[in-house]
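Since the structure comes first, as structure tokens, the remarks are kept for the end.
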Amino acid sequence: MASTAAPSAIPPADLESFSSRLKSSTRILALLGAGLSAASGLPTFRGAGGIWRTHDAMQLATPEAFDTDPGLVWQFYNYRRHMALAARPNAAHYALAELSGRKEGFLTLSQNVDGLSQRAGHPLEKLQLLHGNLFDVKCTDFYCNYVQQNNYTDPIAPALAIPVEGTDPTSFEARHAVSSALLEKKTRKELDIADESIYLPSVPAGDLPHCPECKRGLLRPGVVWFGEALPGKTIDTVNQWIMDSKKIDLILVIGTSAKVYPAAGYVDMARSKGARVAVVNTEQGDARGLTKDDWFFKGDAAIIVPEILKGVIGDVR
Ligand code: BV8
């Protein structure tokens with residue numbers, strides 16, 4: 001059943017049938033994407049304003065990009081760390097945290113690296129970060145396995161606080177101007193360094209964060225880049241939960257274009273275990289393969305999610 005209205009006008013039949021399924025469900029999966037954090041002010045990867053609208057942004061999230069120009073990649077991630085720290089969880093993050101606490105059989109698979117689900121109090125034992133976390137860093141030296149979690153240093157290295165003419169170099173606006181230029185103008189060579197409003201000094205590797213343990217290796221963001229395998233432990237935990245003998249009653253697919261694998265593949269895996277699918281998305285086009293037994297709720301996750309979960313979690317605004 002497709003519900004294509006704002007929450008106040010979600011067709012009662014859709015809300016009712018979903019609510020009763022939600023109440024009776026004992027095993028629920030949630031697959032989260034960038035759209036969940038859009039209302040918190042964090043740009044999504046695709047679509048209007050999406051930070052991935054240029055293929056170069058995708059190129060920035062690869063090991064090759066980091067090998068080629070770690071300074072460029074660190075400026076991209078330093079900016080996203082800064083944005084995520086300045087953002088706050090929205091009502092959907094809180095509603096999902098609340099639901100996961102009330103349902104014994106619940107597992108959230110988040111593609112988001114922004115830390116907002118954690119800051120909304122989502123039980124960590126029910127949260128699998130498929131693509132890592134902006135606030136984990138790890139050493140790139142082959143012989144060193146240093147990993148640091150919860151690194152909230154901002155900027156993560158002084159050289160990454162790129163000064164912008166005439167403004168406080170550490171200001172959010174300064175970094176925003178630089179990063180938008182960075183993302184707008186693709187790679188460094190096309191950056192108009194002569195642009196008087198910003199300048200983007202190259203950041204020599206020596207000024208980038210280095211491993212405090214081995215002292216040799218560059219640190220890198222603790223995220224999964226394109227072309228990198230998801231952590232084995234994460235994959236095993238998720239597969240075990242899904243392939244458990246018991247069926248899955250429902251999968252919530254919230255704010256994701258479901259184009260990146262293996263994450264997107266979990267929807268069909270859940271279906272194969274009996275799950276009915278409920279998609280929350282601003283775009284109907286991203287709610288693919290739904291059957292008459294599924295739901296599509298069109299709208300902003302921050303508004304829709306608390307509304308459709310209300311039957312179980314009450315009012316958590
Ligand atoms: C792997 C962390 C194999 C980094 C991310 C060639 C070579 C290698 C691999 C591949 C290849 N070709 C294809 C692949 C597989 C590749 C892949 O899937 N590519 C895609 C592009 C086709 N996958 C991989 O590379 C994965 N690894 O396959 O490894 C392997 C095995 C063994 C050994 C070696 C290798 C790793 C993928 C992980 C990449 N890292 N993130 C970072 O964040 O910087 S992916 C990143 O992009 C996100 O994590 C997320 O997964 C994805 C973006 O998707 P969404 O979250 O859905 O965001 P998007 O903008 O797309 O959509 C937003 C949605 O929200 C939209 O539908 C919009 O309508 C909606 N929306 C907007 N606003 C709202 C809203 N909805 C509700 N409310 C709103 N307000």
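The values are calculated or read from the model by the stated rules, or taken from the named source; none is laboratory data. The model shown is predicted, which means the values in this text are computed figures rather than measured ones. Don't worry about glycine lacking a Cβ; one is built from the backbone with ideal geometry, like all the others, and counts go over all protein chains shown. These accessible areas exclude ligands, DNA and RNA; they are computed on the full protein's heavy atoms, side chains included. Shrake-Rupley method; radii C 1.70, N 1.55, O 1.52, S 1.80 Å.
Side notes on the structure shown:
- Relative contact order of segment 52-129, defined on C-alpha pairs under 8 angstrom at six or more residues apart (%): 26 percent
- Ordering of 31-39, 111-119 by packing [mean C-beta count within 10 Å, highest first]: 31-39, 111-119
- Neighbours of CYS214 by Cβ distance under 13 Å: Lys/Arg scored +1, Asp/Glu scored -1, total +1.
- The mean sequence distance of close C-alpha pairs (under 8 Å, at least 6 residues apart), as a share of the length of segment 242-317, puts its relative contact order at 27 percent.
- FRET efficiency, SER19 to THR237 (Cβ-Cβ, R0 35 Å, nearest 0.05): 0.75
- FRET efficiency for VAL312 and ASP268, using Cβ-Cβ distance with R0 set to 25 Å, rounded to 0.05: 0.50
- Summing Cβ point charges (Lys, Arg +1; Asp, Glu -1) relative to the Cα centre of segment 71-157 gives a dipole of roughly 180 debye.
- Lys/Arg +1, Asp/Glu -1 at C-beta; segment 98-151 dipole; positive extreme among PHE135, PRO123, TYR146: PRO123
- Nearest-10 value in Å² for the accessible area of CYS214, using the 1.4 Å probe: 20 Å²
- Given a 1.4 Å probe and the protein chains as shown, MET269 ends up with an accessible area of around 60 Å².
- Note on exposure: ASP294, ASP286, ASP268 ranked by accessible area (1.4 Å probe, complete protein assembly) read ASP268, ASP286, ASP294, with the most exposed listed first.
- Taking a sphere under 15 Å around the Cβ of SER17 and counting the other residues whose Cβ falls inside, with K and R at +1 and D and E at -1, yields a net charge of -1.
- Considering only ALA258, GLY232, ALA278, and ranking their Cα positions along the charge dipole of segment 222-297 that arises from unit charges at the beta-carbon of Lys, Arg, Asp and Glu, the one farthest toward the positive end is ALA278.
- Sites ALA9 and LEU124, calculated FRET efficiency, Cβ-Cβ separation with R0 30 Å, nearest 0.05: 0.25
- Subset of LYS259/LYS310; LYS138/LYS215; LYS247/LYS298; LYS246/LYS310; LYS103/LYS246; LYS23/LYS246 violating a 22 Å alpha-carbon distance limit: LYS259/LYS310; LYS247/LYS298; LYS246/LYS310
- The length gained by stretching the chain between GLN149 and THR282 to full extension, at 0.36 nm per residue less their Cα-Cα distance, is 44.6 nm.
- With all protein chains modelled, accessible area of THR68 [1.4 Å, Å²]: 120 Å²
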